[in-house]
Amino acid sequence: MSNLLITGTSGFIGRQLAASMSRDHRVVCLSRKKTEVEDVVALQGDFTSPDDLRRLDPHPVDVLVHLAAVTGGCTEEDGLRVNVLGTHRLLRYLIGRGCKKFVLASSIAAVGFQSVRFRPLQLPMPDEHPCLDRDGYGLSKYLMEEVTRYLSRQDEGLDFIDIRLASILPDDRAPTPRKAGPITPWAIGSLSVMYASDAVRCLVMAAQAPLKPGVRIMNAVGAQACAADTVPEILRAWYGPDADRIDLSHYARPGHERDPVYDISRIREELGFVPERSVLERS
């Protein structure tokens, strides 16, 4: 049984994760709003606040699962202040207390797809596709990942898992598969959806994985693109002539026309995680 700290447990993913992990572990929750989960130590506080972090002093922490953040649509300043500097403060505090294992919720938006001007360099996008962000949120998540690289260089015994999570859908909600049409902001994000139960299972597997020092950045999206038309049809409608610069041959193979636009092979190899629910399943 490990001692876990989970941030952001007032959110629907955080609540489900805390409830799941409390069955086998001692869980401390830190969230700005009240945590509605039984059998955990629930603290209200802001992970960016030194005073609130000191409230964790009496509680041992072996593993951090860091979900709290400002999300897409935040200002550039808030993204940098909370997601980068705030996360740095949280990690420094826990490293100082001897914690060695850290699971952080990054985002598939780290590549920069908020802007309609975004064009992927390759498809499916690899786990460490560079940041081409123009809007601030993606940059903040990418720089959060860079903070973990920086801290890992200082202490080679630390284990950081940065999971670039998909857009998360409640399990009782049906998605709207995309069809070819005009591009919209967050377009790639609308193709890259995963159900909440799969996201929670992914985070559990990461938290319970054996210690492996270093930094691992891994995409976690659904097993299929949330697409009514094929991925090449949608991208050609979005990008026009720019689509010809992207190698779409992966999707030309029979049976692969609606494969995800993010490569999810590494998270399968590293953690054994495979999404169980398809966003294209029919009721």
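Determine whether the range 4-23 contains at least one residue that is among the hydrophobic types (A, V, I, L, M, F, W, C), under 17 Å from the mean Cα position of the chain (by Cα), over 24 Å from Tyr142 (Cα atoms) and buried (at least 19 other Cβ atoms within 10 Å of the Cβ).
For the range 4-23, residues among the hydrophobic types (A, V, I, L, M, F, W, C), under 17 Å from the mean Cα position of the chain (by Cα), over 24 Å from Tyr142 (Cα atoms) and buried (at least 19 other Cβ atoms within 10 Å of the Cβ): present.
Where residues in the range 266-281 are without any contact (Cβ under 8 Å) to a residue 40 or more places away in the chain and over 22 Å from Asp229 (Cα atoms), which of them is surrounded by the most Cβ atoms within 10 Å (Cβ to Cβ)?
Per the stated criteria, the residue is Arg268.
Look at Arg134 and say whether it is in contact (Cβ under 8 Å) with a residue 40 or more places away in the chain and basic (Lys, Arg).
So Arg134 fails the test.
For (1) among the small types (Gly, Ala, Ser); (2) over 20 Å from Leu203 (Cβ atoms), each residue gets a yes or a no:
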residue	(1), (2)
Arg15	no, no
Ser22	yes, no
Arg26	no, no
Lys34	no, yes
Asp39	no, no
Leu43	no, no
Leu53	no, yes
Ala68	yes, no
Thr75	no, yes
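Going through the range 226-251 one residue at a time, which ones are of a type in the set (A, V, I, L, M, F, W, C) and either at pLDDT below 95 or touching a strand residue (DSSP E or B) at 6+ places or on another chain (Cβ under 8 Å) (or both)?
Cys226, Ala227, Ala228, Ile234
Across the range 149-196, which residue is surrounded by the fewest Cβ atoms within 10 Å (Cβ to Cβ) among those that are of a type in the set (S, T, N, Q) and out of contact with any Phe, Trp or Tyr (no Cβ under 9 Å at 6 or more places or on another chain)?
Gln154
Could you tell me whether the range 90-106 includes any residue that is under 26 Å from Val200 (Cα atoms), of a type in the set (Ser, Thr, Tyr) and at pLDDT 95 or above?
yes
Out of the residues in the range 31-69 that are among the β-branched types (Val, Ile, Thr) and at pLDDT 95 or above, state the one that is nearest to Leu211 (Cα to Cα).
Val63
Is it true that some residue in the range 62-77 is in contact with a Leu (Cβ under 9 Å, 6 or more places away or on another chain), of a type in the set (Asp, Glu) and within 20 Å of Arg164 (Cα to Cα)?
Yes: one or more hits.
Name the residues in the range 43-91 that are charged (D, E, K, R) and farther than 26 Å from Met1 by Cβ, would you?
Asp46, Asp51, Glu76, Glu77, Asp78, Arg81, Arg89
Scan the range 239-251 for residues that are without any contact (Cβ under 8 Å) to a residue 60 or more places away in the chain and in contact with a helix residue (DSSP H, G or I) (Cβ under 7 Å, 6 or more places away or on another chain) and jot them down.
Ala243
Filter the range 242-265 for residues that are over 26 Å from Asp172 (Cβ atoms), charged (D, E, K, R) and crowded, with 16+ Cβ neighbours inside 10 Å and give the result.
The answer is Glu257, Asp263.
Go through the residues of the range 77-89 one by one and say whether even a single one is part of a loop (DSSP other than H, G, I, E, B) and at pLDDT 95 or above.
No: zero hits.
Considering every residue within the range 194-214, establish whether at least one is part of a loop (DSSP other than H, G, I, E, B) and without any contact (Cβ under 8 Å) to a residue 40 or more places away in the chain.
Yes, the conditions are met somewhere in the range 194-214.
The values are calculated or read from the model by the stated rules, or taken from the named source; none is laboratory data. Being a predicted model, the structure only gives us computed values, none of them experimental. Counting neighbours? That spans all protein chains shown, and the Cβs are built from the backbone with ideal geometry, glycine included.
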